[in-house]
């Protein structure tokens, strides 16, 4: 009778070990439900803000003449930019 009990306990131990090993295998190789993507993307967008800087230079022997030429150049550039839908800074 002792031999039958030992065989029964050994059989139960083998079944429990097989169950635990099967569950651990399934847990390790379980597919996750998360999708992971790495990459880059290009997006075109329209901006409503532009910040530009520029310089003007004029050379003249007469200071007043050089200043007037700079003002003319500024007017030409500002008219061009406003014609292209740029607004003057408020």
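The values are calculated or read from the model by the stated rules, or taken from the named source; none is laboratory data. What you are looking at is a predicted structure, and each value in this text was computed from that prediction instead of being measured. Using ideal geometry, Cβ is built from the backbone for each residue, glycine included, and neighbour counts are taken over all protein chains shown.
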Only residues that are part of a loop (DSSP other than H, G, I, E, B), over 31 Å from the mean Cα position of the chain (by Cα) and surrounded by 11 or more Cβ atoms within 10 Å (Cβ to Cβ): list them for region 42-90, please.
56, 58, 60
Can you find a residue that is modelled with pLDDT under 90 and within 30 Å of residue 82 (Cα to Cα) anywhere in region 12-22?
no
